[in-house]
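FYI, it's all coordinate maths here, none of it is from the lab. Nothing here was measured: the structure is a model prediction, and the numbers come from that model. Here Cβ is always computed from backbone atoms with ideal geometry, including for glycine, and neighbour counts include all displayed protein chains.
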Amino acid sequence: MTLSLHERIRTDIESAILSGKLAPEDRLPVEHELMQTYQCSRMTVNKALSALAAAGLIERRKGAGSFVGRPHAHSMILDVPDLPVEVAKRGHVYGYQLLVRKLRAAARGNAEEELLAGGRRLLQLDGLHFADGAPLAVERRLVSLAAVPAIAEADLEKEPPGTWLLRHVPWTEAETRISAVPADAEIARLLKTPAGTACLLVERQTWRSSERITAVRQYFLGTAYHLVARFGSSRP
């Protein structure tokens, strides 16, 4: 999938912010400079800058220009984990297999998918995580191409989607839900366990300001996943 020009401008600026080339409060090139650099119209530049502002990455100040925004602080009991890192911390060898990669529309009548899609198509990514060569988790992920157009061209055979997103897309909010479910026939086949085996289902959505980035469902064998949270007392 080839990026449109306004998506390429947005992706280039976003990459510069994430890499540290552009720091908080740095001023972006003015609109006419971007128009010259990309040989495009003011409307195209404005569309890219508006998307960056909506995502909370830049601030557009009337009469002054556009500036890199300050990162939003977040405090969560459950952070967004990077599975390869977590597996390595436990002393195991991580592996990943991409099973399904396809562009599709939001399922008709599915309000959550329609909100995630934002009027564009979704990238569906199904995969299997391994620890020491044994199946660890089945992952079913949807990514908003409206929010993350660059992922359409990413090499996700070598790097799992969750890791790629953590490296390239800053998030400001996340919602995690964990429940116990029996493995259906397909999940059981992939995890190499009998159907009906107890699994932990981790469902997570992430946002960048008000923009939805991704929704993922991960099925772990009940014996392979540990939830640990450490709390401080709210008492004085």
Ranked by how many other beta carbons lie within 10 Å on average, peptides 147-156, 92-101 from highest: 147-156, 92-101
Proximal lysines to Lys47, defined as alpha-carbon separation beneath 21 angstrom and excluding residues fewer than eight positions away on the same chain: Lys62
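Using C-alpha positions alone, give me the convex hull volume of the chain per residue in cubic angstrom.
That works out to 169 Å³ per residue.
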Glu175-Leu5 pseudo-label distance in nm [points 7 Å out on the Cα-to-Cβ vector]: 3.8 nm
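What's the extension gain from Asp184 to Val30 if we count 0.36 nm per residue and subtract their Cα-Cα distance?
Numbers: separation 154, 0.36 × 154 = 55.44 nm, distance 5.44 nm.
Length gained, Asp184 through Val30: 50.0 nm.
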For the range 5-68: span of alpha carbons on each principal axis (Å, largest first): 27, 25, 19
Tail fraction, Cα-Cα pairs, the range 83-221, threshold 23 Å, whole percent: 35 percent
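How large is the helix-only mean residue ellipticity at 222 nm for the chain, computed as the sum of -39500 (n - 2.57) over DSSP H runs with n ≥ 4, divided by its residue count, in deg cm²/dmol to the nearest 500?
On the way: 7 runs with 65 residues, N = 236.
Dividing the helical sum by the residues of the chain leaves -8000 deg cm²/dmol.
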Residue among Gly63, Gly109, Gly196 with the largest mean-square fluctuation in a Gaussian network model of the chain, springs linking Cα atoms under 10 Å: Gly63
3J(HN,Hα) from dihedral phi, the range 28-42, Karplus parametrisation 6.51/-1.76/1.60, rounded to Hz, x for glycine, proline: 7, x, 5, 4, 5, 5, 5, 4, 6, 4, 9, 6, 9, 7, 4
Set of lysines with alpha-carbon distance to Lys102 below 25 Å, sequence-local pairs under 8 removed: Lys158, Lys192
Listed residue (Ser66, His92, Met43) projecting farthest to the positive dipole end of the range 14-117, Cβ model: Met43
In Hz, Karplus ³J(HN,Hα) per residue of the range 195-210 (6.51, -1.76, 1.60; θ = phi - 60°; x = Gly, Pro): 4, x, 4, 5, 10, 9, 9, 9, 10, 9, 10, 10, 10, 10, 6, 8
Order of Val143, Val216 under a 10 Å beta carbon neighbour criterion, fewest first: Val216, Val143
Choice from Arg120, Arg42, Arg140 with maximal GNM fluctuation in the chain (Cα, 10 Å cutoff): Arg42
For the range 126-131, 3J(HN,Hα) per residue [Karplus equation, 6.51 cos²θ - 1.76 cosθ + 1.60, θ = phi - 60°, Hz, x = Gly/Pro]: 10, x, 10, 9, 10, 10
Gaussian network model of the chain, springs between alpha carbon atoms under 10 Å - residue of Pro24, Pro170, Pro84 with greatest fluctuation: Pro24
Residue-span extension gain [Ser50 to His168] - 0.36 nm each, minus C-alpha spacing: 40.6 nm
